[in-house]
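See structure below.
No lab work stands behind these numbers, since they all come straight from the coordinates. Just so it is clear, the model here is predicted, and its values are computed rather than measured. Cβ placement follows ideal geometry from the backbone for every residue including glycine, while neighbour counts extend to all protein chains displayed.
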Amino acid sequence: MTSLLIRSGLILTMNDRFDVVEGDVSIKDGRIAAIAPHIDEPHDRIVDARGGYVLPGLIQTHIHLCQTLFRGYADDLPLMDWLRRRVWPMEAAHTPETLRAATRLAATELLASGTTAVLTMETVHDTDAVFEAVAQSGLRATIGKCMMDSDAQAPRRLRERTRDSIDESVAIRKRWHGAANGRLRAAFAPRFAVSCSRDLLEAVASLSREQQAIVHTHASESRDEIAIVKQMSGGLSNLEYLASVRLTSPHLCAAHCVWVDDREQQLLADRDVKVLHCPGSNLKLGSGIAPVAEMRARGITVSLGADGAACNNRLDMFEEMRLAAVLQAMRTQPGVLPARDVLAMATRAGARTLGLDAEIGSIEAGKRADVIVVDRDRPHLAPGPDPYSTLVYAARGSDVRTTIVDGEPLVDDFTPLRIDRAEAAAQARIAARDLLLRAEL
């Protein structure tokens with residue numbers, strides 16, 4: 001049995017009572033064993049929190065790891081131009097080597113800034129390379145091979161045959177779902193209604209029901225996208241179209257949902273569809289501001305994600321938490337999305353979205369030990385009378401001192417332990433240059 005003790009922290013458990021405890025967290029064989037004011041039992045390793053905040057690892061539910069090399073190459077464009085002129089050509093130019101470089105860079109940034117679990121959509125090809133790199137990083141991830149079979153404006157390499165897209169996605173799930181002691185899982189990931197045939201979406205819906213599998217897609221992100229869906233579907237809204245192909249279920253994770261009216265919000269609530277809110281990306285692409293307060297009031301599970309380095313351009317969950325709160329204050333009124341609720345979106349709601357709420361998302365005995373320690377000694381975090389407010393409105397990803405996944409420290413004293421940060425950045429720069437040459441951009 002391996003054991004680790006996190007000593008002397010202010011523990012935000014994020015349990016049902018939102019207990020806050022000054023003390024220690026005992027971890028044994030990758031799971032939380034105890035939370036108490038003081039634990040005397042010897043442990044193999046001790047992490048000194050030094051009075052810092054100890055909280056569940058942050059969970060990002062919409063990320064494109066493959067796009068991390070595109071950072072800075074796709075700025076200042078609206079969604080459809082961004083996809084067709086920059087992102088799709090670069091995705092088509094990816095090789096297994098550049099995908100590994102992108103994934104290593106993303107995992108380094110995510111873990112160093114406190115994200116311990118992600119739901120990701122990768123590109124159409126070579127998804128095994130992403131799984132391999134994530135497995136090596138220690139990050140917890142649910143990964144989907146992007147599925148696209150119906151957009152004539154996509155590069156040829158991203159246009160799949162319907163049957164091939166389905167068969168490859170099923171094969172990837174057989175190879176990887178449950179790997180790394182359950183740390184890796186596979187989802188189905190049809191990109192969005194614009195680039196997927198009805199046959200493909202109906203097949204994915206059937207597979208999801210049969211296998212109880214997550215479906216990760218984009219929906220109602222921009223007005224342009226909605227207009228295309230209405231034209232191709234005979235007048236249906238984006239979510240009405242997804243409902244018509246039987247995709248709207250508790251397994252559907254719909255990124256963005258910026259432009260959803262009352263009827264569509266009720267559909268989301270009635271079918272228990274999970275919404276993945278990406279405020280930074282929505283602002284940078286000029287897509288709009290999602291009605292998060294209204295969706296949460298209807299009981300819809302809304303979690304958070306940075307989306308990707310091509311459209312954010314950071315993967316810092318602290319930035320997304322702050323933006324989520326202040327944007328809803330602007331849309332409606334201050335206090336409509338309190339700091340504690342935002343932190344719950346980044347932890348508990350993320351776990352529920354992934355179907356892992358019995359395993360992660362809070363610090364409770366028996367759960368997987370995905371835990372982070374946030375330094376409290378920074379001037380911008382003082383005086384810090386309310387820990388939730390301090391974390392949501394004042395903290396930054398660079399304040400994360402320690403990141404632990406499955407009981408293993410992956411970042412300690414601000415230093416990544418499995419990946420060399422400088423080497424990951426250097427390899428990414430070389431890979432990005434090679435990719436750009438192939439993409440002819």
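Projecting the Cα atoms of Met295, Val229, Ala186 onto the charge dipole of the chain, computed from C-beta unit charges around the Cα centre, puts Val229 farthest toward the positive end. Note on region 1-80 and region 104-142: Cα centroid distance 17 Å, given to the nearest whole angstrom.
Considering only Met1, Ile63, Ser26, and ranking their Cα positions along the charge dipole of region 1-68 that arises from unit charges at the beta-carbon of Lys, Arg, Asp and Glu, the one farthest toward the positive end is Ile63.
On a straight-distance basis, which lysines could pair with Lys367 in a cross-link, Cα separation under 20 angstrom, same-chain partners fewer than 8 positions away excluded? Those lysines meeting the cut-off are Lys28.
Charged side chains reduced to their Cβ positions (Lys and Arg at +1, Asp and Glu at -1) give region 263-366 a dipole of some 260 debye around its Cα centre.
Distance between the 7 Å Cα→Cβ label points at Asp272 and Arg157: 4.0 nm. Each label point was placed 7 Å from the Cα along the Cα-to-Cβ direction; for Ile46 and Arg421 their separation is 2.6 nm.
Each of Met1, Met232, Met317, Met295 was scored by other Cβ atoms within 10 Å of its Cβ. Arranged with the fewest first, they read Met1, Met232, Met295, Met317. In terms of its Cα atoms, region 238-323 spans 34, 25, 21 Å along the principal axes, sorted from long to short. Helix 421-439 and the long axis of the chain differ in direction by around 0°, with both axes built from C-alpha atoms. From the alpha carbon centroid of region 248-320 to that of region 377-441 is 23 Å. Ranking of Tyr241, Tyr53, Tyr393 by neighbouring Cβ atoms within 10 Å, starting from the fewest: Tyr393, Tyr241, Tyr53. Expressed as an acute angle from 0 to 90° and rounded to the nearest 10, what is the orientation of the C-alpha long axis of helix 198-211 relative to the principal long axis of the chain? Once rounded, the angle reads 40 degrees. Listed from fewest to most Cβ neighbours within 10 Å, the set Ile32, Ile63 follows the order Ile32, Ile63.
With distances taken between every two different alpha-carbon atoms, region 176-307 has a Kirkwood hydrodynamic radius of 15.0 Å. With K and R counted +1 and D and E -1, the other residues having a Cβ less than 13 Å from that of Arg85 yield a net charge of -3.
What is the sum of charges around Pro409, taking Lys and Arg as +1, Asp and Glu as -1, for the other residues whose C-beta is under 11 Å from the C-beta of Pro409? Result for the neighbourhood of Pro409: -1. Please determine, in degrees from 0 to 90 and to the nearest 10, the orientation of helix 317-331 with respect to the longest principal axis defined by the Cα atoms of the chain, where the helix direction is its Cα long axis. Long axis of 317-331 versus the principal axis of the chain: about 70 degrees.
Helices in the chain, meaning DSSP H runs of at least 4 residues, each add -39500 (n - 2.57). Divided by all residues, the mean residue ellipticity at 222 nm is -10500 deg cm²/dmol.
Between His218, His380, His256, the Gaussian network model of the chain with springs among Cα atoms under 10 angstrom shows the greatest mean-square fluctuation at His380. Between Gln333 and Asp413, residue separation times 0.36 nm minus the direct Cα-Cα distance comes to 24.9 nm. The modelled label-to-label distance between Ser244 and Thr2, using points 7 Å beyond Cα along the C-beta direction, is 5.2 nm. The local environment of Ala187, defined by Cβ-Cβ distances under 13 Å, has a net charge of +4 under the rule Lys, Arg +1 and Asp, Glu -1. With a ≥ b ≥ c taken as the square roots of the eigenvalues of the C-alpha gyration tensor of region 58-353, please select rounded if a/c is under 1.5 and otherwise prolate if a/b is larger than b/c or oblate if it is not? Rounded, since a/c falls under 1.5.
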